[in-house]
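Please read the structure below before turning to the comments.
The values are calculated or read from the model by the stated rules, or taken from the named source; none is laboratory data. This structure is a prediction, so every number in the text was calculated from the model and none was measured. Reconstructed Cβ throughout: ideal geometry from the backbone, glycine too, with neighbour counts over all protein chains shown.
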Amino acid sequence: MTVTRQDTEVIRAIRGLEDSGSSVRLRAALAVGTTPDPRFVDKLVERSAVEPEFHVRDMLTWALTRHPVSLTLPALLREVSSKRGQARSQALHTLSKIGDRRAWPAITRTLLSDADDEVARSAWRAAVVLVPEGEESALATVLVTQLGRGGRETRLSLSRALIALGEVAAPALLAAATASDPRVRAHALATQRLSRDPDAGFESAIEEAKRVVALGGSGQEGP
């Protein structure tokens, strides 16, 4: 069987994606995205699940977006049910970048409440991008169940997702602002403030919300 120059370049690029040097892997991912080939898709998805460097993972995602959705979508949808957290997280991240709403059914409540914060954050971002018109309110209702979880970055990601949904998230946030858990109340209040004043800053919004909760208030404005 004759090996063409293109075949040789594909083999070289695939090997580059597995090189021990992150700079080599980065260049290989750039090359793969620059000259897409269907033979790259499975390797890109496979590598995304294990790549330790953020900037390389980001390039892998970009390379996947350069390939036909008809090839990438099925591969990524398989990954969202992987037992490996990074595989789920990266697949969700890439789906959010592709933006094809046929992926929406894969954004399950299980993923939106995944115990792995990175997976959950990726699921929130993907959900906001992929949610079909008319289902935003139902999504907001699910998202508010995650209020109060995790550290600063996780809470900020959730606030941003709820704010991105717009006014449809307001009733769910209003209800969460009177929850029995003080962490949930504070996070809901902080999200409401950020929605009204995007320049407030998350830390400032959280600290103000904590003071309100400590004083036994809900922070809801009167008429």
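Thr178 meets each of the listed conditions (1) in contact (Cβ under 8 Å) with a residue 24 or more places away in the chain; (2) more than 18 Å from the chain's Cα centre (by Cα); (3) part of a helix (DSSP H, G or I) apart from (3). Only a single item in (1) at pLDDT 90 or above; (2) surrounded by fewer than 19 Cβ atoms within 10 Å (Cβ to Cβ); (3) within 27 Å of Gln90 (Cβ to Cβ) is not met by Phe202, and it is number (1).
Inspection of the range 75-84 identifies no residue that is polar (S, T, N, Q) and part of a helix (DSSP H, G or I).
Of all residues in the range 51-86, those satisfying the criterion of being farther than 20 Å from Ala120 by Cβ and among the β-branched types (Val, Ile, Thr) are Val56, Thr65, Val69, Thr72.
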